[in-house]
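The values are calculated or read from the model by the stated rules, or taken from the named source; none is laboratory data. Every value quoted in this text rests on a predicted model; they were computed, and no experiment measured them. Cβ placement follows ideal geometry from the backbone for every residue including glycine, while neighbour counts extend to all protein chains displayed.
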Amino acid sequence: MLTRISAALVTMGLGKATASTPSGGLKSVQIRDVARIDAAGGDGWLARDHSGRLWQVLEDGSTRLLGEGLAAEGALNARHGRIAGRSIDGHLWVRSDAAASAGAERSSARLAPHGGLCVLPLAVIGLIEQEGLTRLARFEPDARNRWQVVAQSTDAVLPDAVPVVADLDGRDDGGHVAVLAGPDRNRYPHAVLGDDVEATRVLWLDRHSLQPLRTLRLDEPEVLEDRHLRPWRLPDGRQGLVTVRSGPSGAQLAVIAASLHAGSALEIAAAGPYIGTRNRWLSPASVEPRGAELWAVHTPHIGGVLHRYRATGAGLTAEPVASGLTNHRLGARDLDVTALMGRLLLLPSQNWQQVRVVDLETKAIVSTFQADEPVLQLVTAPNGRAVAMLTMSGLSIYAMR
C-alpha cells in the first residue's frame, strides 16, 4: 500500500512542504512552485521551479539548491556524477557533483529545443540544429571546462528524439547510442506527439564518433511514432529497444534488436498486434529493462485500455487488463505518465483527476486516489520506494508501506 512520508514543515526557495491527506486514506508531503520533476541518481528527484532553479528533493520532502539558469521545461539527464540540461537561453548546461559551487558550465552550441540528452562517463550526447537539420552531437569539456561539440552524426535525427545508451551487440563495452532518425513529415501526418514529424529510421551509433554501427529503415508508409527507444531484454538474451511502429493499421508495439543475419543491420525482433485503424496509437508504460513483460496503454486519448504484453517466439501477445486509463496527453511531447513501484503501476484516469493503482500480478485496480488538480507527471524514485506526483498546485510524494 501507499502511505505518507512523514516530514517536518520546511520552507526553502522551492516552497513549503506540508503534510496532506487525499481521499482513499493516502497521505503525502507536498511542495509548491515546481515546474517539472525528473528522477535523480540518489534517493529522490530533481525538480525545476518556474524561475529556472534546480533542486534536489528527497523522499522526506527536504530540498537543496543545485543550480540556476535552467529552462523550466525540456530535457534533463543525470548520470555518472553529472546533471545535464538545457539552459534558459538554449545552450547545454552541465553541473558536476564535484563542482565547488552551485554553478554550471555551458556550451557554445545551442541545443535543439525539444531534443533529449544522454550523459556518458566522459561526454554528453545531445541534439543540435545545423543547416535546417537536427543532428546528434557529442559534447566534451575542453581544458577550461567549456563544453564543445567534438563529433556529430552524418544523418539527420528526429528533432525531438531522446538518445539512449544500449549494448545491442552484447559486447559489454559500455554500449553505444541509439536514436530515432529519418524525420519525415509527409508519410504519416498524425501529429499526436507535438508535431507532424515522425521517424522512419533507427540509428545505433558509436558513442565516440557518432558514426553508424547498425541501422534500420522502415518502408513506406510505416513510421516509428515515438520519441524514445526503451531498452528491454528479449527472451533470446538480446538487448532490444521498445518503440511504437505505426501505419495503415494503426500502432503496434515493436522491439528492435541487432539482426541475427546482417552485421550492420537492426531488425524488428518482436512485435504485437496492430490496433487495427489508422491514427490509433498506443503508449508504452514503465518499461523495465529486464522485466518479463511489457505494458502499454492502447488509445490513451480515447478510453485508454492498459494491456499486458508477453513475448511468444517472434511475436508479442497482448491482453487487456483495465480501461479508463491514460499515460499521455494528446499533442504532448511528455510520454508515459506512469510510475512503477514493485508490482504496482500508477496511471492517471482519463480525466487526469485520479490516479489508479494497478497490481500487475493480479491484473486489477486495487486503489484510486484523487488529485487536487489534473496530474502532470508521475515519477518513481531511483530506488523504487517512492513516487512523486506533480500537479499545477505542486509536488506530492508517496511511499510504499
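Checked against the criterion of being assigned to a strand (DSSP E or B) and not hydroxyl-bearing (Ser, Thr, Tyr), the candidates 179, 162 yield just one match: 179. Within the stretch 184-235, being more than 22 Å from the chain's Cα centre (by Cα), over 22 Å from residue 153 (Cα atoms) and in contact (Cβ under 8 Å) with a residue 12 or more places away in the chain holds for 187, 188, 220, 221, 222, 235. When the stretch 201-217 is filtered for residues that are in a loop (DSSP other than H, G, I, E, B) and surrounded by fewer than 21 Cβ atoms within 10 Å (Cβ to Cβ), the ones remaining, listed by number, are 206, 208, 209, 211. Just one of the numbered conditions (1) in a loop (DSSP other than H, G, I, E, B); (2) at pLDDT 95 or above; (3) not basic (Lys, Arg) is not true of residue 126: (1).
Every condition in (1) under 22 Å from the mean Cα position of the chain (by Cα); (2) assigned to a strand (DSSP E or B) is met by residue 321 except one, and the failing one is (1).
Within the stretch 67-85, residues that are touching a residue at least 60 places away in the same chain (Cβ under 8 Å) and part of a loop (DSSP other than H, G, I, E, B) sit with their Cβ atoms under 6 Å from residues that are buried (at least 17 other Cβ atoms within 10 Å of the Cβ) and of a type in the set (Gly, Ala, Ser), at 6+ positions apart or across chains, in these pairs: 75/116. When the stretch 153-188 is filtered for residues that are modelled with pLDDT of 95 or more and basic (Lys, Arg), the ones remaining, listed by number, are 185, 187. Can you name the residue in the stretch 347-401 that is at pLDDT 90 or above, of a type in the set (S, T, N, Q) and not in a strand (DSSP E or B) and is also surrounded by the most Cβ atoms within 10 Å (Cβ to Cβ) among such residues? Top of the filtered list is 350. Among the residues in the stretch 144-164, are any of a type in the set (Asp, Glu) and without any contact (Cβ under 8 Å) to a residue 12 or more places away in the chain? Within the stretch 144-164, none of the residues are of a type in the set (Asp, Glu) and without any contact (Cβ under 8 Å) to a residue 12 or more places away in the chain. Among the residues making up the stretch 142-160, a single one is crowded, with 18+ Cβ neighbours inside 10 Å and over 21 Å from residue 212 (Cα atoms): 147.
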